[in-house]
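The values are calculated or read from the model by the stated rules, or taken from the named source; none is laboratory data. Bear in mind the structure is a predicted one, so any value in this text is a computation, not a measurement. In this analysis, Cβ positions are derived from the backbone assuming ideal geometry, glycine residues included, and neighbour counts consider all displayed protein chains.
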Ligand SMILES: Cc1ncc(COP(=O)(O)O)c(C=O)c1O
């Protein structure tokens with residue numbers, strides 16, 4: 001090696017500027033024309049594999065410029081575009097363009113936001129982001145928390161904090177198996193699958209979940225909840241946690257949060273809210289009441305990569321008393337020298353969650369919050385809700401559509417052939433098959449992207465609008481596309 005080391009991975013300043021500018025130009029054009037593109041090319045995994053090729057790992061390097069040209073072509077022309085105004089699938093938002101630029105800046109500086117000493121400014125920015133998120137949804141800014149990869153991790157992070165807070169102190173040493181009394185937790189049937197993951201991965205087993213039935217509004221039935229907890233206590237079990245949904249994954253229902261909070265208080269249980277999708281709507285004055293009780297939550301999951309339009313990945317766990325996170329996650333290996341701050345106690349995020357080395361997820365969230373402010377977010381979220389209600393109303397008016405549910409920005413509906421309404425009784429099984437096939441057709445077709453929900457046995461098309469690009473015109477066109485494709489699928493099925 002010479003005194004001046006030449007590393008093949010370095011890019012010269014001149015090249016970095018040229019290639020960087022070209023990349024930014026390509027991305028700007030991609031965003032500018034996204035509306036004219038298809039939501040997806042509908043290519044099969046085999047076709048995608050053919051486009052990508054099957055080369056072996058190269059022995060020698062390739063020019064960076066060539067690589068970006070190839071990678072841009074692959075990604076910009078062969079991806080599903082969740083930034084498209086007619087993308088309403090699952091709960092993935094259109095990414096805010098500022099997030100793409102923020103991620104570039106974050107990666108360039110590359111702070112390790114596990115420890116304050118490794119990321120002094122980034123740690124302070126994450127702390128401010130957490131405070132702003134608390135303020136935004138209307139809980140005390142004293143909540144602490146951490147940014148994580150998404151909703152699963154945000155909920156799992158809260159789950160373990162709950163267990164530490166409510167289990168006997170000996171749990172860490174003895175493990176669940178030697179801890180007397182089976183630890184039990186409660187949630188509605190509509191809860192996302194993260195709860196099953198928690199039960200299995202953290203050693204409780206699926207039997208520790210009490211699936212509480214829902215009431216007529218599809219909200220967790222709080223009378224049955226209280227009764228079930230009571231029965232468990234009388235049977236020597238150890239209830240420790242209740243989960244309330246603030247926008248369930250399937251149809252967007254918000255549970256009776258303040259009633260759940262009161263039950264948790266009465267039985268000394270941890271109250272966790274899964275607001276991964278819906279809790280940003282608590283910032284909207286007209287919807288605030290629906291979220292009464294969030295101020296009582298011991299922990300809250302909230303995903304900026306859902307309704308705050310951050311590019312993946314950005315989830316967040318907020319905890320009323322962040323000491324519970326430290327009690328759960330902190331460890332002090334001898335090679336750490338992270339607690340020598342002169343002023344206030346050092347905030348080291350490795351003590352707040354699963355990760356030690358952590359990326360700078362906060363930057364994109366922090367920047368978007370400032371780009372549009374609280375009012376900008378209120379406008380976008382309110383408009384998403386309005387568009388979802390519009391879709392529902394348009395479906396209601398249409399002779400070949402059944403509007404099934406509408407909550408927050410999620411509407412469910414299904415296609416029902418015209419002759420069904422003219423007296424020819426279609427059985428539910430046929431309608432379910434028809435709508436399932438229709439969904440597949442729509443997802444492959446590239447004009448719109450929806451997902452599905454099963455509501456009271458009905459297989460429904462589900463549109464979740466967390467998309468600041470969608471307009472009323474898109475909604476009208478989507479109605480037309482669903483009906484046109486619905487007729488086609490029905491014709492094919494009839495002949496089979
Ligand atoms: C209510 C709710 N909780 C948790 C999750 C899981 O989030 P993620 O996919 O980001 O892990 C989702 C995903 O849609 C959700 O809607």
For residue 472, all conditions in the list (1) surrounded by fewer than 18 Cβ atoms within 10 Å (Cβ to Cβ); (2) over 18 Å from residue 35 (Cα atoms) hold save one; what is the number of the exception? (2)
If we ask which residues in region 137-167 are over 17 Å from residue 279 (Cα atoms), modelled with pLDDT of 95 or more and out of contact with any strand residue (DSSP E or B) (no Cβ under 9 Å at 6 or more places or on another chain), their number turns out to be 2
Being surrounded by fewer than 16 Cβ atoms within 10 Å (Cβ to Cβ), more than 29 Å from residue 383 (Cβ to Cβ) and within 26 Å of the chain's Cα centre (by Cα), is that true of even one residue in region 78-85? yes
Please specify each residue of region 77-100 satisfying the condition of being more than 16 Å from the ligand (Cβ to nearest atom) and touching a residue at least 40 places away in the same chain (Cβ under 8 Å). 81, 83, 84, 85, 86, 96, 97, 98, 100
Which of the numbered conditions does residue 157 fail, given that it passes all the others? Conditions: (1) part of a loop (DSSP other than H, G, I, E, B); (2) closer than 23 Å to residue 281 by Cα. (1)
Filter result for residue 202 (in contact (Cβ under 8 Å) with a residue 24 or more places away in the chain, within 16 Å of the ligand (Cβ to nearest atom) and in contact with a helix residue (DSSP H, G or I) (Cβ under 8 Å, 6 or more places away or on another chain)): no
A careful count of residues in region 180-202 that are surrounded by fewer than 16 Cβ atoms within 10 Å (Cβ to Cβ) and farther than 22 Å from residue 319 by Cβ gives 6
Selection within region 455-469 - surrounded by fewer than 24 Cβ atoms within 10 Å (Cβ to Cβ) and either farther than 17 Å from residue 434 by Cα or free of Cβ contacts under 8 Å to residues at least 60 places away in the same chain (or both): 456, 457, 458, 459, 468, 469
Per the list (1) touching a helix residue (DSSP H, G or I) at 6+ places or on another chain (Cβ under 8 Å); (2) not in a helix (DSSP H, G or I), residue check on residue 136 breaks on (2)
Selected residue (only one of 399, 395, 331 is without any contact (Cβ under 8 Å) to a residue 60 or more places away in the chain, in contact with a helix residue (DSSP H, G or I) (Cβ under 7 Å, 6 or more places away or on another chain) and either part of a loop (DSSP other than H, G, I, E, B) or over 26 Å from residue 152 (Cα atoms) (or both)): 399
Name the residue that is surrounded by the fewest Cβ atoms within 10 Å (Cβ to Cβ), counting only residues in region 19-52 that are closer than 16 Å to residue 67 by Cβ and touching a residue at least 40 places away in the same chain (Cβ under 8 Å). 22
Would you kindly identify the strands (runs of 3 or more DSSP E) lying entirely within region 233-324 that contain at least 1 residues that are buried (at least 22 other Cβ atoms within 10 Å of the Cβ), more than 16 Å from the ligand (Cβ to nearest atom) and under 19 Å from the mean Cα position of the chain (by Cα)? 315-319
Being assigned to a loop (DSSP other than H, G, I, E, B) and closer than 15 Å to residue 238 by Cβ is the filter here, so list the residues in region 175-217 that pass it. 175, 179, 180, 181, 182, 202, 203, 204, 205
Do the conditions hold for residue 114, that is, is it over 30 Å from residue 408 (Cα atoms) and part of a loop (DSSP other than H, G, I, E, B)? yes
Do the conditions hold for residue 173, that is, is it more than 16 Å from the ligand (Cβ to nearest atom), surrounded by 14 or more Cβ atoms within 10 Å (Cβ to Cβ) and over 14 Å from residue 324 (Cα atoms)? no
Just to be sure, is residue 131 closer than 25 Å to residue 309 by Cβ, touching a helix residue (DSSP H, G or I) at 6+ places or on another chain (Cβ under 6 Å) and away from the ligand (no atom under 16 Å from the Cβ)? no
